[in-house]
Amino acid sequence: MYEMANVQDIVAPGEDYPMTQGNLWINNIPVFMYIYTGNGNITHGETATGTLWDSGNTFDAHADHIVAYSTNASNGPFIFTADDEGLLDADNPDLTIARADTGIDIKWGNGKTLSGTLMGIPKAGTDNNRVAGDSVDATLTDFYTAGHKASMDMFYEISIPLAKLDISAADIENNGIGIMKLSTFGTSGMDCLPYDLSMSDNAALPYSKDASTSAEKEDEDHITVPLARIGKAFTPGVVTPTTPVEPTVAPTQAPTQAPTQAPTQAPTQVPTQPQPSVRLGDVDNDGKVLIFDATLIMRHLVDIPVAVFNEEAANVDGDAFVTIMDATWVQRALAGIPVPYNIIPSE
């Protein structure tokens with residue numbers, strides 16, 4: 001089950017769309033569930049010609065099943081799996097469980113989120129001259145007590161038979177599964193849970209067909225955060241335990257004679273490795289590597305002014321150019337994914 005609240009009446013009341021367009025359930029907007037069960041070929045969302053349903057979404061995480069449907073359930077649900085090369089083919093019946101055979105049940109309702117409270121930043125919209133990554137006045141408020149109208153808030157419940165994923169409840173308890181939910185609009189991802197910064201990396205750029213709205217509707221998003229886990233936690237790879245080292249036994253007797261002569265030559269010094277002049281990823285020079293540093297890189301790339309920007313620290317891969325990949329390396333390091341650069345995340 002997940003909830004989708006439309007808080008535009010609080011954060012950006014001056015914007016007409018989508019407040020006048022009705023609830024999500026009247027629209028045919030694609031939604032994807034990326035699932036990793038451990039039973040099936042690994043996919044990263046790619047097809048032979050692009051991405052599934054031309055969504056523009058790919059991901060680092062392992063997934064072996066993708067459940068796809070639309071917000072009004074008029075398209076799907078389908079369950080897609082990959083071929084031996086990791087590619088998806090929606091037209092291949094051997095790789096696709098069609099709508100009538102999935103056994104998936106989709107229900108929704110609206111009027112208020114089931115959570116009862118809806119926490120957010122009331123001054124976070126473009127009406128308040130705010131931009132992505134802005135941390136000024138970030139006090140959380142319950143939007144319901146702030147006057148939010150709940151008539152367009154929705155909640156969805158998706159029931160997926162485990163047998164259609166080739167697993168059982170015992171598999172989830174013993175091995176766990178990974179899952180991510182991604183919502184789209186236009187031809188691109190707009191939000192995902194767990195959240196990935198690629199969802200907002202082009203928010204400040206204009207949409208090619210309408211400069212008054214965002215390029216997020218049409219950009220390609222590569223997701224680097226790991227899937228959420230249900231059941232047993234997942235540890236990739238095989239961990240080989242280190243053999244304990246026996247402590248050295250101290251001698252039972254002190255040497256009978258001290259050295260009679262000091263060495264005539266100082267020992268040769270071992271050369272030390274040069275230390276980097278900056279902490280990689282610490283873009284704002286606050287001594288920490290945080291998700292906000294990746295945000296600063298993305299803001300820099302779209303020419304949004306930032307108070308402090310250490311270009312040497314931002315150029316993580318040392319290729320002389322600050323690119324979106326530098327932000328991606330920071331995100332991966334913060335998510336615990338090994339990276340080939342000396343990024344030390346802050347706790």
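The values are calculated or read from the model by the stated rules, or taken from the named source; none is laboratory data. These numbers were taken from a predicted model, which means no experiment stands behind them. No Cβ is skipped: glycine too gets one built from the backbone with ideal geometry, and neighbour counts run over all protein chains shown.
Determine if segment 135-142 includes at least one residue that is hydroxyl-bearing (Ser, Thr, Tyr) and either at pLDDT 90 or above or touching a helix residue (DSSP H, G or I) at 6+ places or on another chain (Cβ under 6 Å) (or both).
no
For residues that are among the polar types (S, T, N, Q) and under 20 Å from MET190 (Cβ atoms), scanning just segment 13-51, find the one that is modelled with the highest pLDDT.
Going through the qualifying residues, I end up with THR51.
Please specify each residue of segment 77-115 satisfying the condition of being under 26 Å from the mean Cα position of the chain (by Cα), small (Gly, Ala, Ser) and modelled with pLDDT under 90.
Correct list: SER115 only.
Kindly list, by first and then second residue, each pair from a residue in segment 197-225 that is free of Cβ contacts under 8 Å to residues at least 60 places away in the same chain and in a strand (DSSP E or B) to a residue that is among the charged types (D, E, K, R) and surrounded by fewer than 18 Cβ atoms within 10 Å (Cβ to Cβ), limited to pairs with Cβ atoms under 7 Å and residues at least 6 apart or on different chains.
Once the first residue is free of Cβ contacts under 8 Å to residues at least 60 places away in the same chain and in a strand (DSSP E or B) and sits in segment 197-225, its partners that are among the charged types (D, E, K, R) and surrounded by fewer than 18 Cβ atoms within 10 Å (Cβ to Cβ) give TYR207/GLU218.
Conditions: (1) on the phi < 0 side of the Ramachandran plot; (2) surrounded by 18 or more Cβ atoms within 10 Å (Cβ to Cβ); (3) not basic (Lys, Arg). PHE309 meets all but one. Number of the miss?
Unmet for PHE309, out of (1) on the phi < 0 side of the Ramachandran plot; (2) surrounded by 18 or more Cβ atoms within 10 Å (Cβ to Cβ); (3) not basic (Lys, Arg): (2).
Would you please name the residue that is farthest from the chain's Cα centre (by Cα), looking only at residues in segment 319-339 that are more than 21 Å from TYR195 (Cβ to Cβ) and in contact (Cβ under 8 Å) with a residue 12 or more places away in the chain?
Checking each candidate, the answer is VAL322.
Checking GLN257 against (1) at pLDDT below 85; (2) in a helix (DSSP H, G or I): exactly one of these is not met. Which one?
For GLN257, the failing item is (2).
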